[in-house]
Every structure is written in structure tokens, then in C-alpha cells.
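The values are calculated or read from the model by the stated rules, or taken from the named source; none is laboratory data. Given the structure is predicted, the values throughout are model-derived calculations rather than measurements. Note that we place each Cβ from the backbone using ideal geometry, even for glycine, and neighbour counts take in every protein chain shown.
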Amino acid sequence: MLKTKEGARVIGEMAANCKIDVCACYPITPTTHLTEELNKYYADGKIPEYITVESEFSALSALVGASATGARTFTTTGGQGLLLMHEVLFSAAGMRLPIVMLVGNRAVSSPLNIWNDEQDTISQRDSGWIQIYCRNNQEAVDSLPQAFYVAEKILLPVMVCVDGHYLTHAVEQVDVVPEEKVHKFLPPYKYPLKLDPENPVSLGVYANPTHYQDFRMDVVTDMFEAKKLLIEAGKAWAKISGREYGLMNAYKTKDADRIILGLGSVMDNVFTVVDDLREQGEKVGALHLRVFRPFPAEELAEILKGKKVGVIDRDISIGGAAPLYLEVLEALNGQKAEVSSFFGGLGGRGIKRSHIKELFDKMKGSPVKEWITKEPPKAKMNG
Amino acid sequence: MNIPHAKPGTSAENLTGEWKAYMPLVNGDKCIKCGICQNFCPEGIMGVVKKIPEIDYEYCKGCSICANECPVKCIAMERVGE
């Protein structure tokens, strides 16, 4: 059913449709409205348990415990909140707990900033969480049930990453698949090994050098296995919603000589610029990477080989190359492709269509590695 | 897909004896069977009091507390392997 609603609130509606057992949240901008919604659904009895906690570290710790008893669990955070969860992120993945978290992407301190970039989630890429990036609120809402579907089959936690403010606070029309259909898509969660006094086990235990690496290797193997499940979930979701999802959205890439690749909401702008430039006869394309972990290296190489590629990173690795750019380079290792790195758009500095046109122009020449949006936008004081 | 977990009682499968760099050796002739080492041993692997200690080397981590506490200094710590 089509609804005109603010991003964070419509995501809350879908979260409640997913039959969550336990929520534990510590509200933080830009997903405060989502915690409000979850609280409301708890008050209405639609979410059976909502634990108010004193920090994000506690929020995720509470869900580790809840998930280990076999409950379906959900939380939300972003920016500093996600950084405070850092230690527990690794525990949740290593314990194979299918927790789902909605991250409202936010810049990290210092300086303090509440606006959008993707530094927070990119910095958690090694933690063992599947990462899905959303182009718009429709993708965000549709990705939640798919996240539970994949998490509960492969037993790995999932972050659904939504650009803070750009999406969380955007009011747009979104089709929300009704509860009954979501329940059909998402069967009740059955954890194969849960905390149960009748059949006691210890989870998150100590492992000697004789065992530790075996478990880590197992997580790596299963993370790559999750690619198949993500595609399976995207196809199954298409059957009930009419919208199919995969590891990426390739837009007019087949005959393109230049392709811009990136994560999240900025790619909606890139898609529009592709349309504009195509009208002028330029052979350009765009690729939105929906799934960053597991990284779909072979699938990307298939589309990007022989092309000029520009990678937008709204995140940096201080003292090294931009993270997404590096991963794309690695995927294209041994292929003929020219890859440029464009990094910037940090802390809410918007990447406008005029910027993207400039990037496509620049890509006509030799590959570059450079900052974008170096000039702050001019404030409009009058008219 | 392997969920790391442990059933009750299985911690005994971790043979912590391989951690040790020094092993305690008891001189039974000097021992006065006071039971101090057996009470102080954090692993509880030195046998029962009123008897000369019988050390379970599969679990002894080589912490030297027994040798340190022994009032008659009848426990020597010897380097293990190289």
C-alpha cells in the first residue's frame, strides 16, 4: 500500500511488520524517529519486548542475549552510536546471531557532526556483518524483511544502511508490503542452538589456538555463501512486491564507456545524471553497490571490465586510499579498466548533479584520485 | 556453519598444561604435607591435603604459586622444553 511518510517512520512500520520479538535501542540522530516508532509499536503491543538501555553498547549487548534465546531482534543507531557498538558487533557475528540493525549513516567525530556520510558503517566492514546500502526509502523498507530472511538462514547479522537525513528525514511515497504478506515471506525464526535451561550450552565461549581460526574461517566462508541467499531473498521478495533486488543495481552499463559506482542515496542522483548525459549522446552508466559485505567482486568485474570507472567514497581511510575504491581495484585486478577515486561529500556536504557531471567529464581523461566537493555550498540568504 | 558453543563440563577438554613454561617438581622427602600448596593452587590439580602433592600436569599452567607458598621450599620450578 502506497504511503507518504517520513523515512525513519515508514522503516519503523516495516520493522513491526517483520514480527520482531525484542528491540533494544538507544536513540541517536538521525534515527531517533525510528526508535520513537518502535516504542509506539511496543506500547500498542505489536512488538512484545522493548528494552530501554543506557548506551548503544548495552543496546547491542542486550540483543546478543535476546537473540541467543531464539528471539528475533532489531535495533537502530548511527555515527557515534555505531562506533560505541564496535566490540559487540564482532561478538554478535562470531556467535552467529542473526540480529538486524538499521543504521542511519552519520559522520563521526571529531569535529562533531550529525549529518550524512558513510564513515560509520565503512569503518565496521571487518566485523562480520552483512551490509546492505539503500538508494531510497523504498529500498530501505523492502530490505528489512530480506535482511531477516538472509540473516536467519546463514546465521550472520545484517546492517541495513540508510543515509541519515537524506533518507531518514525525507518524506516520500513508499509502498509498504502488508504484514500478512511479510509473514508469508519470513517464516518464524528458529535458532538451531539456543540458550535453554533444559538443554544447557554456553555460547560465545573461549577457543584455544587449536580451534579459534577454524571458527573465523567458517564465518568468512559463510559470508561469501550469503551472496546466493541475498539474490534468493531479492527474487522471492519480487514475487510478493513486484520489486526485485540483487547484489547491485547496474544502470545503463552495458554499452557505457564510463561508469560511476557508489553506495547509498547519492547514486539516485548519479542515475538521473546518466539520463541527462545519455540525452546528449554520452555513453555513461551508473552502478549502485547494494551489498558491500559480502563484496561481490566477480559480479562487479563482469560489468566493469574494459570500462572507465569512477568510484565515489563518502568515507575515507586516513593515511590510505579510499576504502570502496580499493575494493573495486582489487575486484578488477588483472582486468583492463581505468579506475578513478573520488572521495568527499563528508559530514553532509551534498554531492549535486552538477558535481557528478564534472566527474563524468573528468573520467574522459586518465584516472585520478582526488577530493570532491572541496568548496562548501554557497548559503542562500535571499531568495 | 559452526556455532561456537560448549556443553556443560567440556571445559576439561582444554588441556591448559600446554601453556606452561615452568613445571613444579616436588621433593617428597622434604614435604611436610601441610596442604598449603594444595589450597593455594588456583587450578585445584595438586591432589588432596595430608598427602604429598600429586600434580596433574595436563592442567598445570606453571604459575609457581605452589612453589612460592611452600613453607619448606620443597617445590622447584623447572624450565619446560625449549
Of all residues in region A:69-89 being polar (S, T, N, Q) and more than 14 Å from every other protein chain (Cβ to nearest Cβ), the one that is farthest from residue A:163 (Cα to Cα): A:73
Residue count, region A:191-211 (criterion: in contact with a helix residue (DSSP H, G or I) (Cβ under 8 Å, 6 or more places away or on another chain) and within 30 Å of residue A:234 (Cβ to Cβ)): 2
Filter result for residue A:277 (touching a residue at least 40 places away in the same chain (Cβ under 8 Å) and within 14 Å of another protein chain (Cβ to nearest Cβ)): no
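For (1) within 14 Å of chain B (Cβ to nearest Cβ); (2) out of contact with any Phe, Trp or Tyr (no Cβ under 6 Å at 6 or more places or on another chain); (3) at pLDDT 95 or above, each residue gets a yes or a no:
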| site | (1), (2), (3) |
| --- | --- |
| A:205 | yes, yes, no |
| A:211 | yes, yes, no |
| A:224 | yes, yes, yes |
| A:261 | no, yes, yes |
Selection count where residues are surrounded by fewer than 22 Cβ atoms within 10 Å (Cβ to Cβ) and in a helix (DSSP H, G or I), scope region A:274-292: 5
Test: residue B:43 is in contact (Cβ under 8 Å) with a residue 12 or more places away in the chain, charged (D, E, K, R) and either in a loop (DSSP other than H, G, I, E, B) or under 30 Å from residue A:95 (Cα atoms) (or both): yes
Residue identified as touching a residue at least 12 places away in the same chain (Cβ under 8 Å), among the small types (Gly, Ala, Ser), touching a helix residue (DSSP H, G or I) at 6+ places or on another chain (Cβ under 6 Å) and closer than 21 Å to residue A:161 by Cα among A:92, A:59: A:92
Residue B:30 being more than 14 Å from chain A (Cβ to nearest Cβ) and in contact with a Lys or Arg (Cβ under 7 Å, 6 or more places away or on another chain): no
Unique residue being touching a residue at least 24 places away in the same chain (Cβ under 8 Å) and among the β-branched types (Val, Ile, Thr) when the list is A:201, A:205, A:220, A:162: A:162
Qualifying residue in region A:229-238 (condition: within 25 Å of residue B:10 (Cα to Cα) and either part of a loop (DSSP other than H, G, I, E, B) or more than 9 Å from chain B (Cβ to nearest Cβ) (or both)): no
The listed residue being at pLDDT 95 or above, under 28 Å from residue A:208 (Cα atoms) and of a type in the set (A, V, I, L, M, F, W, C), out of B:37, B:70: B:37
Pairs with Cβ under 8 Å, 6+ apart, first in region B:1-16 and within 7 Å of chain A (Cβ to nearest Cβ) and small (Gly, Ala, Ser), second surrounded by 12 or more Cβ atoms within 10 Å (Cβ to Cβ) and part of a loop (DSSP other than H, G, I, E, B): B:6/A:201; B:6/A:205
